[in-house]
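Below is one structure, written out as structure tokens, with a few remarks after it.
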Amino acid sequence: MLFGLAACKKDEVEKSLENTSWEFALQDSDPTEGEILESSVYYPWTYCNRIAYEFSFDSNGKLAVKQTQPDCDPILPSFFKAGSHQYVYNPDERRLIIDGTEFKVSLVTDDFLRLHLATPVAGGFSNYIFLFSRIK
């Protein structure tokens, strides 16, 4: 009976971003877990980015991006800039939309979130990988 409860709890965590807070991560927690799409490159966060921003998903479709340190990377994508953003997360399709930009969610655990963003390049698409670690 305890095993069933533990499995249910893990599934709940994997299916919801509501009421969670995250910061940029500099390393993939486990690149062998979850899906890594072809033609993928990790987005080049800096240490300064990691400590300068906090991302909080609420239960009403709002993503609050809080800048906690002076801006150290003015070329952050607009969907990660400080302020309030709209989000929709579909765990069954593993899709997250922030201000109209669609991400594939390849991994979400208690501690880690990995997003893929398809970007057009000559001859097709490339996928940026954005990494986040949970703030507890």
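Suppose we keep only residues that are free of Cβ contacts under 8 Å to residues at least 40 places away in the same chain and among the basic types (Lys, Arg) within the stretch 84-119. Which one would you say is nearest to residue 33 (Cα to Cα)? For the stretch 84-119, the residue satisfying everything is 94. Listed by first and then second residue, the pairs linking a residue in the stretch 25-50 that is among the polar types (S, T, N, Q) to a residue that is surrounded by fewer than 12 Cβ atoms within 10 Å (Cβ to Cβ), with Cβ atoms under 9 Å apart and 6 or more places separating them unless they lie on different chains, are 39/121; 39/124. Of the candidates 7, 25, 82, the single residue that is of a type in the set (Gly, Ala, Ser) and modelled with pLDDT under 80 is 7. Taking residue 89 and the conditions (1) among the aromatic types (Phe, Trp, Tyr); (2) modelled with pLDDT of 95 or more; (3) in contact with a His (Cβ under 9 Å, 6 or more places away or on another chain), which numbered condition does it fall short on, given that it satisfies the others? Of (1) among the aromatic types (Phe, Trp, Tyr); (2) modelled with pLDDT of 95 or more; (3) in contact with a His (Cβ under 9 Å, 6 or more places away or on another chain), only one is false for residue 89: (3).
Listed conditions (1) under 14 Å from the mean Cα position of the chain (by Cα); (2) at pLDDT below 90; (3) part of a loop (DSSP other than H, G, I, E, B) are all met by residue 18, apart from (2).
When residue 71 is tested against (1) modelled with pLDDT under 75; (2) over 25 Å from residue 121 (Cβ atoms); (3) part of a loop (DSSP other than H, G, I, E, B); (4) touching a Cys at 6+ places or on another chain (Cβ under 8 Å), exactly one condition is not met: (4). Of all residues in the stretch 78-118, those being outside any strand (DSSP E or B) and among the aliphatic types (A, V, I, L, M) number 1.
The values are calculated or read from the model by the stated rules, or taken from the named source; none is laboratory data. Remember, it's a predicted structure, so these values are computed and weren't measured experimentally. Every residue, glycine among them, receives a Cβ derived from its backbone with ideal geometry; neighbour counts consider all protein chains shown.
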